[in-house]
1. So how many residues does the stretch 42-87 have that are in a loop (DSSP other than H, G, I, E, B) and surrounded by fewer than 17 Cβ atoms within 10 Å (Cβ to Cβ)?
2. Answer yes or no as to whether GLY105 is part of a loop (DSSP other than H, G, I, E, B) and of a type outside the set (S, T, N, Q).
3. Return only the number of the condition from (1) surrounded by 10 or more Cβ atoms within 10 Å (Cβ to Cβ); (2) modelled with pLDDT of 95 or more that ASP31 does not satisfy.
4. Looking only at the stretch 5-28, which residues are at pLDDT 90 or above and among the hydrophobic types (A, V, I, L, M, F, W, C)?
5. Quick one: which of ILE67, ILE57 is farther than 19 Å from LEU107 by Cβ and of a type in the set (Val, Ile, Thr)?
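The values are calculated or read from the model by the stated rules, or taken from the named source; none is laboratory data. Treat the numbers as computed from the prediction; the structure is a model and nothing was measured. Because the Cβ atoms are built from the backbone with ideal geometry, glycine has one as well, and the counts that use them run over all protein chains shown.
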Amino acid sequence: MSSARPEMLDVEEPTGIERNPLVFLSATRADEEWRVRLRMKLDRYADYFEWWDDSKINAGEKFQQQIDAAIQRASVAVVFLSRAYLESETATAELLHLGELQVAGRLTLFPSCSSSVSGGNTAF
C-alpha cells in the first residue's frame, strides 16, 4: 500500500555533528517581498539558527521531497498568512500539516498576517 506523501529523505545527522535549529518559512511566491525581508532579518542570527524556504531548492532537485525534509527537520515554522496563501490549496495543505506537527509537539508555529488579511501592518 502506498502512502499519500512522497518518501521522506533521510534527514538524520551523523553522530557528532550538531546543526543549528531550523526555522521553516512557509509563504507563496506572491509574497516574495515579505520572504526577502524576513530572510535578511534572520540572516543576522545565523550563529543561532538556520532558515529554510523553497529558494534553497536547486534546479533538478525533487521539490516536494526537499520541502518535506525541511519540515521534518524544523523546530520552528513561520507562516505568512496572506490572501494569496489562503487561496492556495498547496499552501493551506502545508499549513494544516504544520499545525498537526505543532499539536504533536514537533515544532512551534508562528503565524504572521499580511495587511490584506489582518487589516493592519505586518511586523516586517
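1. Residues in the stretch 42-87 being in a loop (DSSP other than H, G, I, E, B) and surrounded by fewer than 17 Cβ atoms within 10 Å (Cβ to Cβ): 13 in total.
2. yes
3. (2)
4. Across the stretch 5-28, the qualifying residues are LEU22, VAL23, PHE24, LEU25, ALA27.
5. Step by step, each of ILE67, ILE57 is checked, and only ILE57 is farther than 19 Å from LEU107 by Cβ and of a type in the set (Val, Ile, Thr).
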